[in-house]
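Undergrad: If you scroll down you'll find the structure; I have some questions about it.
The values are calculated or read from the model by the stated rules, or taken from the named source; none is laboratory data. Note that the coordinates shown come from a computational prediction; the quantities given were computed from them, not determined experimentally. With ideal geometry, Cβ positions are generated from the backbone for all residues, glycine too; neighbour counts draw on all protein chains shown. Calculation scope for accessible area: heavy atoms of the full protein, side chains included, ligands and nucleic acids excluded. Shrake-Rupley method; radii C 1.70, N 1.55, O 1.52, S 1.80 Å.
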Amino acid sequence: MGAPTVKIAVCIKRTPDSESRFRIASSGVAIDEAGLKFDIDDFAGYAVEAALQINERGGGGETVIVAVGPDSVQESLRKAMSMGADRAVQLKADSVPADGLAVAKALAAELKDGGYDLILFGKHAFDTSAGVVGTATAELLGLPCVTAVSQLDVANGRGSARRELEGAAELVEFPLPAVVTIDEGVARPRYPSLKGIMAAKKKPLESKPAQLGAVRVTVQKAELPPERPAGRIIGEGAAAVPELVRLLQNEAKVL
Amino acid sequence: MANVLVFAETRGNALRKVALEAVTAARALADASGGGEVHAIVAGPPGVGAAAQQLGAHGADVVYVVEHAGLSSFERESIAATVAERAKQGGYRAVLLGFSTQGRDLGPRLAAKLDAPIASDVTEISVAGDAIIAKHPGYANKVIVTLTLSGAHVHAPNLHHAACSPGNLRTRRCPD
């Protein structure tokens with residue numbers, strides 16, 4: 001027997017490219033998805049890479065990718081498998097609700113009897129920046145949760161991690177099973193190889209209904225922030241100061 | 001009329017600014033829902049209770065003080081359990097806390113423990129009947145999203161939870 005292998009679930013979200021220019025859909029409660037490029041959310045991508053590296057170092061184990069969402073999420077699940085994950089589970093829903101606790105309930109229902117040693121999430125997703133789902137899933141499963149981890153390792157049935165805090169870092173150790181949310185810094189997600197892409201086509205992707213329960217947080221309105229007015233040049237050097245002071249006092253009202 | 005609970009974040013024995021922002025937001029929320037009370041909970045090592053006066057000055061009607069030598073650093077699991085217990089006993093309409101490192105950790109734990117809908121990084125909060133309306137910036141501030149938190153059912157407490165974004169809500173001192 002070699003080192004004990006680790007079974008890892010990585011919960012991912014599919015989000016639009018953060019560099020996009022967004023428009024509001026005619027419904028008024030969502031963004032217009034036409035023309036947007038979607039992919040595995042950045043932090044979730046780091047989580048996939050972290051899982052793959054842990055299992056490569058351990059020389060075995062299993063990496064399972066899980067996502068809540070409509071069938072479009074299958075493309076992201078397939079991509080994670082082309083990076084090297086072993087299989088994937090889609091928890092099917094018409095859309096990913098704004099209710100983070102409902103999503104956590106669906107994930108917890110799927111993960112609770114899965115025998116996972118580690119459950120990874122991105123620290124938050126670009127679209128909501130809420131960071132609710134990972135920690136809430138841990139709480140629902142009664143597992144320890146370590147958030148915003150920039151280095152992660154597993155040895156002898158225990159995890160060790162480095163956390164980035166406001167102006168400090170924390171090194172923690174924790175028992176497994178555990179939930180960990182991943183910050184950038186863990187490792188750059190690899191690009192799928194051609195071989196990986198071909199292999200992913202044959203890997204199992206299971207689809208089943210998401211057990212979301214009652215969805216109690218809904219989007220009432222989505223709107224673009226007010227446009228920032230263009231910059232203005234009011235003069236040069238010391239000569240501009242009186243006008244600048246006048247504008248700061250009378251227009252910006254900050255003095 | 002509904003009461004609102006605030007987790008008042010501390011570092012060392014001092015209140016953090018987000019605690020005062022959350023109390024200020026809670027005061028406005030309680031007043032808008034027909035004159036409820038604002039209860040704050042502060043948890044830390046012995047001596048942390050001195051923060052109660054300042055919380056009162058910013059709008060708290062009642063301050064629960066939990067002092068224990070083991071709470072000199074942010075003991076997330078103990079604090080989550082303590083705040084959740086108070087929230088369950090108090091039957092609050094909402095639990096507010098800052099969207100800080102502590103708040104980001106504590107908020108989802110509380111939401112799960114209380115089975116309460118949660119909104120994060122909230123810049124504006126208001127009441128609409130039994131629901132709570134929370135505005136937050138999404139998509140890296142490129143889209144402003146207004147959320148409705150609702151769904152009280154018969155045997156569950158009508159509990160909502162919102163984390164308030166630091167820096168956007170202003171603190172206010174109440175007149176004596």
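Undergrad: So what does log10 I(q)/I(0) come out to for the range A:112-250 at q = 0.10, 0.13, 0.16, 0.22 Å⁻¹, using the Debye formula with one equal point on every Cα and no solvent?
TA: Values, matching the q order: -0.62, -0.83, -1.06, -1.34.
Undergrad: In addition: Report relative contact order for the range A:111-176 in percent, whole number only (criteria: Cα-Cα under 8 Å, sequence separation at least 6). Before the final figure, lay out each step's value.
TA: Working: 70 pairs, mean separation 13.9, N = 66.
That works out to 21 percent.
Undergrad: Excluding ligands and nucleic acids, what accessible area in Å² is computed for A:Glu110 using a 1.4 Å probe, to the nearest 10?
TA: Its heavy atoms expose roughly 40 Å² to the probe.
Undergrad: Just counting partner chain Cβ atoms within 10 Å, what average do the residues of peptide A:100-108 show around their Cβ? Walk me through the numbers on the way to the answer.
TA: Details: counts 8, 9, 2, 0, 4, 2, 0, 0, 1.
Mean partner-chain Cβ count within 10 Å for A:100-108: 3.
Undergrad: Select from A:Lys195, A:Lys112, A:Lys13 the residue whose mean-square fluctuation is largest in a Gaussian network model of chain A (Cα-Cα springs shorter than 10 Å).
TA: A:Lys195
Undergrad: Need one number: convex hull volume per residue for the range B:1-53, Cα atoms only, in Å³. It would help to have the intermediate numbers written out before the result.
TA: Details: hull volume 3.1 nm³, N = 53.
Measuring per residue, one finds 58 Å³ for the Cα hull of the range B:1-53.
Undergrad: I need the GluC sites (Glu not before Pro) found in the range A:192-247, filtered to DSSP loop residues with at most 16 other beta carbons within 10 Å of theirs. Numbers along the way, then the final one.
TA: On the way: sites: A:Glu206, A:Glu223, A:Glu227, A:Glu236, A:Glu243; in loops: A:Glu227, A:Glu236.
Filter output for the range A:192-247: A:Glu227, A:Glu236.
Undergrad: Just how far, in whole angstrom, is the range B:73-96 from the range A:213-237 if you go by their alpha carbon centroids?
TA: 33 Å
Undergrad: Restricting to Cα atoms and excluding each atom paired with itself, what does the Kirkwood estimate give for the range A:111-155 in Å? Display every interim value, and only then the final one.
TA: Values: mean 1/r = 0.0857 Å⁻¹.
Taking the inverse mean of 1/r over all distinct Cα pairs, the range A:111-155 comes out at 11.7 Å.
Undergrad: Which of the aspartates and glutamates could a cross-linker span from A:Lys79 if the Cα-Cα distance has to be under 15 Å and same-chain partners fewer than 8 positions apart are dropped?
TA: Partners found: A:Asp39, A:Asp41, A:Asp42, A:Glu49, A:Asp71, A:Glu206.
Undergrad: Taking each residue of A:207-219 in turn, how many C-beta atoms of other protein chains fall within 10 Å of its C-beta, and what is the average? Each step should come with its number before you reach the end.
TA: Values: counts 0, 0, 0, 0, 0, 0, 1, 6, 3, 12, 12, 8, 5.
Mean partner-chain Cβ count within 10 Å for A:207-219: 4.
Undergrad: Apply the Debye scattering formula to chain A, with a single equal point scatterer on each alpha-carbon and no solvent, then give log10 I(q)/I(0) at q = 0.12 Å⁻¹.
TA: After summing over all Cα pairs, the log10 values are -0.73.
Undergrad: Would you list which aspartates and glutamates come within 13 Å of A:Lys105, measuring only between C-alpha atoms, while excluding same-chain residues fewer than 8 positions from it?
TA: A:Glu139, B:Asp115
Undergrad: Same structure again: How much area per residue is accessible in the range B:32-136 when the probe is 1.4 Å and only protein heavy atoms are counted (Å²)? List each step's numbers first, then the result.
TA: On the way: 3690 Å² over 105 residues.
Computed with neighbouring chains in place, this is 35 Å² per residue.
Undergrad: Next question. Output the antiparallel fraction of DSSP beta bridges having both residues in the range A:133-252, as a percent to the nearest 5. If you can, show how the numbers build up before the last one.
TA: On the way: 14 of 17 bridges.
Close to 80 percent.
Undergrad: Would you mind getting me the FRET efficiency between A:Ala240 and A:Met198? Use the beta-carbon distance for r and R0 = 51 Å, nearest 0.05.
TA: Numbers: r = 63 Å, r/R0 = 1.24.
That gives a FRET efficiency of 0.20.
Undergrad: Given a 1.4 Å probe and heavy atoms of the protein chains only, how would you sort A:Ser160, A:Ser129, A:Ser76, largest accessible area at the top?
TA: Values: A:Ser160 50, A:Ser129 25, A:Ser76 0 Å².
So, going from the largest accessible area down, we get A:Ser160, A:Ser129, A:Ser76.
Undergrad: To test your reading of the geometry: what angle, between 0 and 90 degrees and rounded to tens, separates the Cα axis of helix A:42-58 from the longest principal axis of chain A?
TA: Long axis of A:42-58 versus the principal axis of chain A: about 30 degrees.
Undergrad: With a cap of 10 neighbouring Cβ atoms within 10 Å, and only residues DSSP puts in a loop, list the GluC sites (Glu not before Pro) found in the range A:6-107.
TA: Values: sites: A:Glu19, A:Glu33, A:Glu49, A:Glu56, A:Glu62, A:Glu75; in loops: A:Glu19, A:Glu33.
Sparse-neighbourhood loop GluC sites (Glu not before Pro): A:Glu19.
Undergrad: What is the Cα centroid distance between the range B:111-149 and the range A:115-171, reported in whole angstrom?
TA: Result: 23 Å between the Cα centres.
Undergrad: Roll a 1.4 angstrom probe over the protein heavy atoms and tell me the percent of accessible area of the range B:1-117 that is carbon or sulfur. Display every interim value, and only then the final one.
TA: Numbers: 1970 of 4070 Å².
Accessible surface attributable to carbon and sulfur in the range B:1-117 totals 48 percent.
Undergrad: Applying a 10 Å radius around every beta-carbon, put A:64-70, B:49-55 in order of their mean neighbour count, most first.
TA: Numbers: A:64-70: 23.9, B:49-55: 17.4.
Going from most to least packed, we get A:64-70, B:49-55.
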